[in-house]
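Worksheet: the structure to be examined is printed underneath.
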Amino acid sequence: MKIQKILNILTLLTGAIAVTVTSLWIGKQAYSWLPPQAAAESLLIDDLISFLVTLGSFIFLGVTSTLMYSVIFHRAIKDDFTDGPPIEGNITLEVVWTAIPILLVLWIAGYSYQVYEQMGIQGPSEIVHLHNPLGMESAYAEPKDAPANALAEPVEKIDVLAKQWAWVFHYPERDITSTELHLPSDRRIRLALKSQDVLHGFYIPAFRLKQDIIPNHAIDFEFTPIRPGQYRLTDSQYSGTYFATMQANVVVESPEDYQQWLAQAATQKPSLANNQAASEYAQTSNQSVQTGWVTVPPAAPPLVNSPG
């Protein structure tokens, strides 16, 4: 009897170790499921997702393993239709299986809120009640290859205007406008987000950043791009008929290349930018037979120095 008990304990420990190791391995694989980490803040989000995947895998594998073990080693013998032992209530067990999920949920909520606070995302209640952007304490999860004095560098300020259906970026340093967002790598960026008409959402998947933009409110939003390359900005809020066309390129480049682009754009005369929504609306309006629902006319294409 003692040998059987020891074997049961060893089986339980072996299973627990196997489930834990496998869950940790799956959690590490979660990093490869996501877009490249193009901003310092993306490290925080990826760590949170890896943690959630690890925890979910542990629960799933633990429950599945327990069920499989019970089915294989504790199944009734053939033609045994008798009832099982009449077990009624176990207060200790009920307290444990109630307390563990509560503690897990509180753990997840606390960790998630900590990341939310570090990233400085502003919710609608803060905007409505304060009527001013908060003094944000945005995250800087320092990458291994980022300069140690990255936060000490001057903050690059860019004005962002969202409208149906286009993104317009203004660089006050050189007083130039573009429909393509250019950013220096390893430098702190402060965007002044504004909406001309309806609710929009500033969302760059590679940065793991999303900030709602409410009309008639200016929102300061900070982050630090760390990986040169070209990414996509999309509108995360449904803003009308041509919502799907409201996208823009995001170019992260070295500070030297960024200054060179600013200087080159400053020499160009402002011209009308290409606007897919306006083009599609014009084609629809010129049709002899109107089909579909009546829609809001897109805003006029902006005048920009660099159309992208």
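The values are calculated or read from the model by the stated rules, or taken from the named source; none is laboratory data. This one's a predicted model, so the numbers in the text were calculated from it and none came from an experiment. A quick note on method: Cβ atoms are made from the backbone with ideal geometry, for glycine too, and the neighbour counts reach across all protein chains shown. All accessible areas refer to the heavy atoms of the entire protein, side chains included, with ligands and DNA or RNA removed. Shrake-Rupley method; radii C 1.70, N 1.55, O 1.52, S 1.80 Å.
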If we keep only residues of the range 209-267 that are part of a loop (DSSP other than H, G, I, E, B) and aromatic (Phe, Trp, Tyr), then the residue most open to solvent (accessible area, probe 1.4 Å) is Tyr238
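Would you point out which residue out of Thr82, Thr92, Thr98 is over 30 Å from His217 (Cβ atoms), open to solvent by 60 Å² or more (accessible area, probe 1.4 Å) and modelled with pLDDT of 90 or more?
Working: Thr82 fails: modelled with pLDDT of 90 or more; Thr92 fails: modelled with pLDDT of 90 or more.
Among Thr82, Thr92, Thr98, only Thr98 is over 30 Å from His217 (Cβ atoms), open to solvent by 60 Å² or more (accessible area, probe 1.4 Å) and modelled with pLDDT of 90 or more.
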Only unsatisfied item for Phe51, checking (1) in contact with a Ser or Thr (Cβ under 9 Å, 6 or more places away or on another chain); (2) touching a residue at least 40 places away in the same chain (Cβ under 8 Å); (3) not acidic (Asp, Glu), is (1)
Within the range 38-73, residues touching a helix residue (DSSP H, G or I) at 6+ places or on another chain (Cβ under 6 Å) and open to solvent by 50 Å² or more (accessible area, probe 1.4 Å) come out as Ile49, Phe58, Ser65
Within the range 178-208, residues being in a strand (DSSP E or B), open to solvent by 10 Å² or more (accessible area, probe 1.4 Å) and hydroxyl-bearing (Ser, Thr, Tyr) number 2
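Would you confirm whether or not the range 208-221 contains a residue that is without any contact (Cβ under 8 Å) to a residue 60 or more places away in the chain, of a type in the set (A, V, I, L, M, F, W, C) and within 30 Å of Thr295 (Cβ to Cβ)? Outline the logic, then answer.
The initial filter retains those residues of the range 208-221 that are without any contact (Cβ under 8 Å) to a residue 60 or more places away in the chain, namely 213, 215-216.
Among the residues that remain, those that are also of a type in the set (A, V, I, L, M, F, W, C) are: 213.
Right, trim to within 30 Å of Thr295 (Cβ to Cβ) and you get 213.
Within the range 208-221, one or more residues are without any contact (Cβ under 8 Å) to a residue 60 or more places away in the chain, of a type in the set (A, V, I, L, M, F, W, C) and within 30 Å of Thr295 (Cβ to Cβ).
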Pairs returned, first residue in the range 10-22 that is free of Cβ contacts under 8 Å to residues at least 24 places away in the same chain, second residue that is surrounded by 15 or more Cβ atoms within 10 Å (Cβ to Cβ), beta-carbon separation under 6 angstrom, 6 or more apart or interchain, are none
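Looking at this structure, is Ala299 modelled with pLDDT of 75 or more and in contact with a Phe, Trp or Tyr (Cβ under 8 Å, 6 or more places away or on another chain)? Step through it out loud before you land on a result.
Details: modelled with pLDDT of 75 or more: yes; in contact with a Phe, Trp or Tyr (Cβ under 8 Å, 6 or more places away or on another chain): yes.
Yes, satisfied.
Examine the range 38-49 for a residue that is farther than 17 Å from Trp107 by Cβ and among the β-branched types (Val, Ile, Thr), and state whether such a residue exists.
If we filter the range 38-49 for residues that are farther than 17 Å from Trp107 by Cβ, which is where we start, we get 38-43, 45-46.
If we keep only those that are among the β-branched types (Val, Ile, Thr) as well, we get 45.
Yes, because at least one residue in the range 38-49 is farther than 17 Å from Trp107 by Cβ and among the β-branched types (Val, Ile, Thr).
Taking the options Leu43, Leu61, Leu24, Leu67, name whichever one is part of a helix (DSSP H, G or I) and under 20 Å from the mean Cα position of the chain (by Cα).
On the way: Leu61 fails: under 20 Å from the mean Cα position of the chain (by Cα); Leu24 fails: under 20 Å from the mean Cα position of the chain (by Cα); Leu67 fails: under 20 Å from the mean Cα position of the chain (by Cα).
Just a single option satisfies the conditions, and that option is Leu43.
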